[in-house]
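Asks: One structure follows; several queries about it will come next.
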């Protein structure tokens with residue numbers, strides 16, 4: 001087995017951190033990109049993002065997707081998201097490879113002489129884009145039985161104003177919002193007035209996040225994570241522009257959450273998932289067997305939890 005190493009960028013790391021630590025923030029993004037109407041009460045269940053592709057020489061090559069998860073509510077849908085810092089349409093080749101392997105690994109069923117594979121709903125987030133960057137890409141598969149195709153929606157960070165981000169609850173995009181100003185960095189860094197304007201905009205972002213936390217729309221953990229990830233993106237993107245890096249960074253910097261806080265958060269999330277699955281069983285949407293499998297525990301353990309509620 002050959003193990004191909006993929007270098008992870010700071011932006012990939014931020015993307016995955018937001019998904020894993022503040023997973024509910026992806027729900028409005030899904031609604032925006034796929035026209036869904038999720039409420040935010042659904043369960044997000046992550047799957048391994050490592051897949052092994054068979055090679056012609058008989059070996060295997062490891063590929064790592066940015067993220068692969070299911071949204072579980074009245075129905076279950078699987079999603080595959082990729083985050084790209086630049087527009088490169090060769091990503092379609094990788095997406096098809098990932099989608100096919102995800103379908104084989106997690107959404108395939110052999111029934112007598114047939115195999116049924118269900119591809120995930122796939123989308124790409126471009127941190128950089130131009131006026132010619134499309135809103136959707138397409139994968140076309142020509143088979144002996146005919147041609148099929150599916151669309152890959154594209155989200156472009158630079159097309160969203162901060163007003164749209166808050167009105168559409170796309171808080172997931174906030175750490176990447178600084179990409180909007182990347183082409184103006186040299187000018188802003190040398191102009192005190194423009195630097196003050198940028199700092200004022202980020203003061204407004206910080207104040208809005210604090211208000212959302214005070215209103216219970218997001219919790220303190222999510223607020224601090226968004227701010228921390230914003231500072232990380234800024235530190236890398238504006239590494240050569242000290243005034244911007246220090247000025248905006250001072251606005252977004254906050255106390256780093258310790259491991260204990262994160263552990264408590266994760267324990268609470270796991271308990272919330274169990275509660276939601278119990279509700280789905282009681283509503284007749286899931287069987288105890290299915291709910292236990294999705295919770296990753298035995299049927300007996302799940303029944304005990306139901307009894308305790």
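Rule-based calculations on the coordinates, nothing more; no lab input. Please read these numbers as outputs of a predicted model, since none were measured by experiment. Here Cβ is always computed from backbone atoms with ideal geometry, including for glycine, and neighbour counts include all displayed protein chains.
Asks: Just rank 116, 26, fewest to most, by other beta-carbon atoms within 10 angstrom.
Replies: On the way: 116 10, 26 20.
Placing the least packed residue first, the sequence is 116, 26.
Asks: May I pose another question? Rounded to the nearest Å, what's the spacing between the alpha carbon centres of segment 86-126 and segment 174-216? Just the number, please.
Replies: 37
Asks: Taking the beta-carbon count within 10 Å as an exposure proxy, list 81, 221 from fewest neighbours to most.
Replies: On the way: 81 22, 221 17.
Sorted ascending by nearby Cβ count, the order is 221, 81.
Asks: Which peptide among 27-36, 294-303 comes first, and what is the full order, when sorted by highest mean count of other Cβ atoms within 10 Å? Mind showing how you got there, number by number?
Replies: On the way: 27-36: 17.8, 294-303: 15.1.
Ranked by mean Cβ neighbours within 10 Å, highest first: 27-36, 294-303.
Asks: For 152, 217, 110, what ranking results if the residue with the fewest other Cβ atoms within 10 Å of its Cβ goes first?
Replies: Numbers: 152 21, 217 14, 110 9.
The most exposed by this proxy come first: 110, 217, 152.
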